[in-house]
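First up is the structure itself, then whatever we jot down about it.
The values are calculated or read from the model by the stated rules, or taken from the named source; none is laboratory data. Since the model is a prediction, treat every value here as computed from it, not as a measurement. As a convention, Cβ positions derive from the backbone with ideal geometry for all residues, glycine included, and neighbour counts pool all protein chains shown. The accessibility values were calculated without ligands, DNA or RNA, using every heavy atom of the protein model including side chains. Shrake-Rupley method; radii C 1.70, N 1.55, O 1.52, S 1.80 Å.
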Amino acid sequence: MTTTTALILLGVGLAIIAGLAAYAFTLRREIRRREALRIEEQRRAHDNCLENLELVASALLQEQVDVTEGAWRCKVLLEILDSRLMERPAFQAFGEVYARTRHLHTHSAREALTPRERFREDRERLAVEDEMRGAVLEAARAALAFRRDWPRSLH
């Protein structure tokens, strides 16, 4: 191999390495951009959940929403924020109402029930609501406090 050939191969090798390095740099920059977008989207989703949690908890306290519906919605929003939140004693009333009423029919399935079946389910739901009202309202107050203290309250 002559010196000229060796220099040409060295130049081609360096060009390939420089091209690959430039491509790797571009990919790394794209990964950072996408990660920043993901973090921003997650922040917006958390903010939206917190706003909705505040609205639903306030509606519960002002009796603008049924205890069952409010408890279900608060449970879902808390689980979206962090699935471990439902383990907190302050929020367990939401989970208990859900556990005791999740078998009840809703929406079109409820419409398909006979009047007698609807009445039976309404009585069952109202019994749970009467029993759990105080605990759910306390949990709603705790949810509002949680919202106020976010993100410190997560830990």
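Details
- Long-range tail of P(r) for the chain (Cα pairs > 19 Å, %): 66
- With all protein chains kept in place, the per residue accessible area of the chain amounts to 69 square angstrom at a probe of 1.4 angstrom.
- Axial C-alpha extent at least 15 Å, average Kyte-Doolittle at least 0.0 - helices from the chain (DSSP): 3-61, 67-81
- As a length-normalised measure over Cα pairs under 8 Å and 6 or more apart, the relative contact order of region 59-155 settles at 34 percent.
- For region 1-105, with all protein chains in place and a probe radius of 1.4 Å, 60% of the accessible heavy-atom surface sits on carbon or sulfur.
- Gln64-Met1 pseudo-label distance in nm [points 7 Å out on the Cα-to-Cβ vector]: 7.8
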